[in-house]
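Engineer: Can you keep this structure in mind? I'll have questions shortly.
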Amino acid sequence: MSSERTYLGVTPPISNAESNAREKEVTVTLMEELRRQNTFESKEESQRREIVLGRVNDLVKKFVHKVALERGLSEATASAAGGKIFTFGSYRLGVHGPGSDIDTLCVVPKHVTRDDFFEFFEPMMRELDGATEVQGVPEAYVPIVKAKVLGIPLDLLMARLLLPSIPDDLSLQDDNLLRALDERCIRSLGGSRVVNEMLSLVPNPDVFRDSLRCIKLWAQRRAIYSNVNGFLGGVAWALLVARICQLYPNAIAGAIVSRFFVIMYQWTWPQPVLLKQIEEGPLQVRVWNPRLYPGDRSHRMPIITPAYPSMCATHNVTNSTQTIMTEEFHRGSQIVDRVIVGSASWSELFAKHDFFHKYRYYLKIVATTEDPDLQLKWGGTVESRIRQLVMKLEYVESLILAHPFIKGFDQTHYCLTEEEVHNAAQDDISEALSKRTKQDIEGKEGATTLYTTTFYIGLLIDKKPREGATGPRQLDISYPTTEFTKLVKVWDKFNPDQMGIVIRHIKRASLPDYVFDKGERQSKPTLKRTKVRSSLITLQRRSCSIPMHQRHPKVK
């Protein structure tokens, strides 16, 4: 006699027990701390989001109607063509905070093309009441229109279904809707489909949301919330929390968070995290399968999306970032253990990262242009390839790990001389330059406005010299940095006359003030101490820069 399966997930729960009195107490204090940390938006902002989404949904219908008439369809057909928006990401999950963007998918019928999205919808978005900062990025991996409406940031994607019209009651969970769609449409639909599937696979959505809100804040504060830099993005963190909820279906948020850190610290990677068994579907598309694909076998921390076609949400993880996240899981488990017994508070879990205090040596990658729009694209291109630099650095002898920081630092410099431009391009900023404003250079001959984005990688170096080595140790990073500069140059829009990149190694004492919060910076060591320390190791690099016009002067 076979018993009917009554649980969610690929294995039975570890425990069906309800949370005890102490776990209920710490859940109350957890929610209080999350409110103190300003993770919940106001009622007014929540209502404003609903107004914004209503306006955008109406605009999508007008857009579809307009394109239908352009294609020569009748007024009746154009009016019936519909169009609908779906939200995904943190907003759809219900864990967004004040100022968070809304990931929005615009679903359109078959007569609308992706080119139409940028030719017609983007200008219509600019005219929408309350819309500002509208910018289309058609060349992105997932083409997108970014905007703000009534101050609410939106990331707008488009998916074209092979249907004559899009009804208001359309559901995206039918796999057959994916038939004959191009890869970009499938990727665009994936965000909404994954979130809907995830919410259907957790035993208690409210507990899941409260727990995820905690883990999301923790990952952001500890600087490990970034898919592009080799850590985990929002979807991956949500999938991990959802899996713990499946294993403890009757536990509440405080208990889920406690189990999360213990289980994730002890998880036997590369065993994948799955919310359901991977399913085959109607398409000839690649589904994650390490037995079939060598690339899938290389994934260090595979966390698999539940909606067809299942993909790995963590293919960017490197040896270094996995090590760093494992350390953070361990730290989190120790703190939460103390919270449970009453010897620590939740605020300790959310303490700010110590990245800029942690290492003696750092790599600084500075991307520069003289145009703000170009800088957005160039800086984003450099950032998207930093993971490759980290992976190359991991092969350098005596380097234990390369720790990328999760964001770049954007600055605008108003330069009066070519020397200031050259120095600013290397993030070597004088006090006079740092204080100069746009008004100070207006009308000045030879003045240049330089835009920079600076990224940092912390270097953990083995303290033990190689056997038989004599004299100061040397860490040769010339090959990784040279290969990295070659890699960014192969971008099809790279122009050496307009874009620059410089890679420098610096010591902790030489980090600029802008990477620290006010009052955070520790006192700098004395010059004598710095000199003694610098004799311990020599970093070597060659050919680590791509200068604009060879010396980074003003672009003619």
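The values are calculated or read from the model by the stated rules, or taken from the named source; none is laboratory data. As the structure is a computational prediction, the values presented were derived from the model and not from experiment. Backbone-built Cβ (ideal geometry, glycine too); neighbour counts: all protein chains shown. Ligands, DNA and RNA are excluded from the accessible area calculation, which covers all protein heavy atoms including side chains. Shrake-Rupley method; radii C 1.70, N 1.55, O 1.52, S 1.80 Å.
Engineer: So which residues in the stretch 314-350 are within 20 Å of the chain's Cα centre (by Cα) and under 19 Å from Q37 (Cβ atoms), if there are any at all?
Structural biologist: E328, F350
Engineer: Now for a different question. Could you count how many residues in the stretch 98-110 are open to solvent by 10 Å² or more (accessible area, probe 1.4 Å) and either out of contact with any strand residue (DSSP E or B) (no Cβ under 9 Å at 6 or more places or on another chain) or closer than 14 Å to S188 by Cα (or both)? Explain how you work it out, then say what you get.
Structural biologist: Start the filter on the stretch 98-110 by keeping residues that are open to solvent by 10 Å² or more (accessible area, probe 1.4 Å), which leaves 98-101, 103, 110.
In the following step, the residues that additionally are either out of contact with any strand residue (DSSP E or B) (no Cβ under 9 Å at 6 or more places or on another chain) or closer than 14 Å to S188 by Cα (or both) were identified as 98, 103.
Selection size over the stretch 98-110: 2.
Engineer: Go through (1) open to solvent by 20 Å² or more (accessible area, probe 1.4 Å); (2) in contact (Cβ under 8 Å) with a residue 24 or more places away in the chain; (3) under 30 Å from S345 (Cα atoms); (4) assigned to a helix (DSSP H, G or I) and name the single condition L53 misses.
Structural biologist: So L53 meets the others, but not (3).
Engineer: Just the residues that are assigned to a helix (DSSP H, G or I) and exposed (fewer than 11 other Cβ atoms within 10 Å of the Cβ), please, taken from the stretch 1-27. Full working, then the answer.
Structural biologist: Just the residues of the stretch 1-27 that are assigned to a helix (DSSP H, G or I), to begin with: 21-27.
Within the stretch 1-27, just A21 meets the criteria.
Engineer: Among the residues of the stretch 218-230, is there at least one that is basic (K, R), under 16 Å from the mean Cα position of the chain (by Cα) and farther than 30 Å from T77 by Cα?
Structural biologist: At the first step, the residues of the stretch 218-230 found to be basic (K, R) are 221-222.
Going one step further and asking which of them are under 16 Å from the mean Cα position of the chain (by Cα), we end up with 221-222.
This time we only want the ones that are farther than 30 Å from T77 by Cα, so: 221-222.
The answer is yes; a qualifying residue exists.
Engineer: Can I ask one more? When you go through L212, L239, L275 one by one, which is the residue that is in contact with a strand residue (DSSP E or B) (Cβ under 9 Å, 6 or more places away or on another chain) and either closer than 30 Å to G408 by Cα or open to solvent by 40 Å² or more (accessible area, probe 1.4 Å) (or both)?
Structural biologist: Selected residue: L239, the only one of L212, L239, L275 that is in contact with a strand residue (DSSP E or B) (Cβ under 9 Å, 6 or more places away or on another chain) and either closer than 30 Å to G408 by Cα or open to solvent by 40 Å² or more (accessible area, probe 1.4 Å) (or both).
Engineer: Can I ask one more? May I ask you to list the residues in the stretch 66-85 that are touching a helix residue (DSSP H, G or I) at 6+ places or on another chain (Cβ under 6 Å) and open to solvent by less than 30 Å² (accessible area, probe 1.4 Å)?
Structural biologist: V67, A68, A78, A81, G83, I85
Engineer: Quick test of your reading of the structure: L460 fulfils all but one of (1) in contact with a strand residue (DSSP E or B) (Cβ under 6 Å, 6 or more places away or on another chain); (2) open to solvent by less than 50 Å² (accessible area, probe 1.4 Å); (3) at pLDDT 95 or above. Name the failing condition by number.
Structural biologist: L460 satisfies every listed condition except (2).
Engineer: Which of the residues belonging to the stretch 278-323 are open to solvent by 50 Å² or more (accessible area, probe 1.4 Å), touching a Ser or Thr at 6+ places or on another chain (Cβ under 9 Å) and of a type in the set (A, V, I, L, M, F, W, C)?
Structural biologist: I278, M311
Engineer: Filter the stretch 28-50 down to residues that are assigned to a helix (DSSP H, G or I) and either under 14 Å from S345 (Cβ atoms) or open to solvent by 90 Å² or more (accessible area, probe 1.4 Å) (or both), then give me how many there are.
Structural biologist: 13
Engineer: Restricting to the stretch 171-193, what's the tally of residues that are in contact with a Gly (Cβ under 8 Å, 6 or more places away or on another chain) and either surrounded by fewer than 12 Cβ atoms within 10 Å (Cβ to Cβ) or more than 19 Å from Y141 (Cα to Cα) (or both)? Show your work before the answer.
Structural biologist: Within the stretch 171-193, the subset in contact with a Gly (Cβ under 8 Å, 6 or more places away or on another chain) is 175, 178, 191.
Subsequent filtering for residues that are either surrounded by fewer than 12 Cβ atoms within 10 Å (Cβ to Cβ) or more than 19 Å from Y141 (Cα to Cα) (or both) retains 175.
Of the residues in that region, 1 qualify.
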